[in-house]
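The values are calculated or read from the model by the stated rules, or taken from the named source; none is laboratory data. Note that this is a predicted model, so its numbers are computed, not measured. Here the Cβ positions follow ideal geometry from the backbone for every residue, glycine too, while neighbour counts run over all protein chains shown. Keep in mind that these areas ignore ligands, DNA and RNA; they rest on the heavy atoms of the full protein, side chains included. Shrake-Rupley method; radii C 1.70, N 1.55, O 1.52, S 1.80 Å.
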Amino acid sequence: MTDTAQVVIKSGKEKNLLRHHPWVFSGAIEDSSVPAEACICRVVTSEQRFIAWGAYDPESHIQLRLLSWKQDVLPDEKWWRETVRASVIRRRRFFEDKASETTAFRIIHGEADMLPGIAADVYGKIVRIILSARIAWNMRSVVVSAIEDLLHPQMIILNTDSSFCAIEHLHEVTEYYRQGQRFTPTEKLEDIKIRESGLYYSLTPGSGQKSGFYCDQRENRIRLEQYVRDAEVLDGCSYTGGFTLHALRTGARHVQAVDSSSEAVHRLLSNVNLNVELGTLDPDSRDRVDAEKADIFEYLRSMPRNKYDVIILDPPKLAQTIKALENAKKAYKELNRTAMEKIKDGGILVTCSCSGSLSREEFRTVLAWSAKDAGVEVQVLETLGQAQDHPVRLSFPESEYLKVFILRVIK
Ligand code: SAH
């Protein structure tokens, strides 16, 4: 092992890494120890104490990613295969759902599962992999083959995450695999049906917005059910209807869904029809829902006061980066302030933030500003987060990205 590169961490920069934080930026690496090219390396303190094995890549925006903290466990192909396997096996209970009430769930949640830059979701018989790190891209054939061997899916669809391609120097790519072999689909792939908590959703296999489903809100959709009976509900940023279908099933008087994407709006309405046809929603559900393509900021501004008993706000990541945080806070504040002003007295606001760079405490503070400006009292009824198949790794606080508060607004 004499030719293994050794990277030395600057004195004082090693503490978080010894606590298993997996990211090392260039400023923490001793200049004299910077490897000449991308490689697997031994990472040590300035006193030569072993920290971990890592993947160094000068073209990655995170130049060194730590993989294995055990000196005798080298992150070779076998390690990748076993780490993928362990991650899938941790989701055992989802595979044991014999009634198939839920067939969409995450099997790899990136760094939180010790696999940097890899997200993998099961959608029924299909697996979708999204890569956001160069090392994940380089190891993709091992990852695909490990998943193939374990699950034998009908198809694996792999794509690079377009929001990371520029900073990771990756191309926007979609690859399709059947029985572990790459193939090029010759015709349009058929839509697939997935189930979550007994409700059906259809999606189009491939990459892009319409091909996904956010299973991180699974438990929160169930929590919503206790507030919506006979209620007038606004599902803001409804996407394909995750919250809307639950509200309809539990007996909301009416649900108004709003999303800026017309594709999402169409898909939501067809999901309502699908569930009515399959008997998982009452036939009158079609009359209890409207879906509109609109900007949620505009919609909230122009809607009348005291119309809604329940408002759900689940916007996309408003803070993409730490730099964008200040503007994002203003946007979250405005969104929530307007909802608090317009909701009925005693109304329930389910408000979410999936911006990883905005902490839970900061989000709460923003909500307090919103309440102050709206001139209302607000009670926190529930503090929620991401579903358990999207775990938060204690040593990696960045893995806690979804913050959800269920609030009561008192005027
Ligand atoms: N609540 C959804 C997921 C929401 S994802 C579910 O349970 O599945 C965020 C959604 O916000 C996307 O569908 C996106 O199209 C939509 N969106 C983005 N900007 C928006 C805006 N300004 N107004 C309304 N919707 C917006």
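Screening A86, A99 for residues that are open to solvent by 10 Å² or more (accessible area, probe 1.4 Å), assigned to a loop (DSSP other than H, G, I, E, B), within 28 Å of D149 (Cβ to Cβ) and aliphatic (A, V, I, L, M) leaves exactly one candidate, A99. Considering region 165-210, the qualifying strands (runs of 3 or more DSSP E), each wholly inside and each with 2 or more residues that are at pLDDT 95 or above and open to solvent by less than 90 Å² (accessible area, probe 1.4 Å), run over 174-178, 192-196, 199-203.
Selection of region 139-164 for residues being closer than 24 Å to A38 by Cα and surrounded by fewer than 16 Cβ atoms within 10 Å (Cβ to Cβ) yields S141, S162, S163. Just to be sure before I move on: is D72 open to solvent by 70 Å² or more (accessible area, probe 1.4 Å), more than 30 Å from G242 (Cβ to Cβ) and not hydrophobic (A, V, I, L, M, F, W, C) in the structure I sent? Yes; evaluated as a whole, the condition is true for this residue.
From the list Q388, Q379, the one residue that fits, being more than 15 Å from the ligand (Cβ to nearest atom), polar (S, T, N, Q) and part of a strand (DSSP E or B), is Q379.
Okay, residues lined up against (1) farther than 23 Å from E398 by Cβ; (2) away from the ligand (no atom under 16 Å from the Cβ); (3) at pLDDT below 95:
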site: D282; (1), (2), (3): yes, yes, no
site: K323; (1), (2), (3): no, yes, yes
site: R364; (1), (2), (3): no, yes, no
site: A368; (1), (2), (3): yes, yes, no
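Report whether or not E341 is in contact with a Lys or Arg (Cβ under 8 Å, 6 or more places away or on another chain) and either within 16 Å of the ligand (Cβ to nearest atom) or open to solvent by 10 Å² or more (accessible area, probe 1.4 Å) (or both). Answer is yes for this residue.
E298 satisfies every condition listed in (1) over 30 Å from I167 (Cα atoms); (2) touching a residue at least 12 places away in the same chain (Cβ under 8 Å) except (2).
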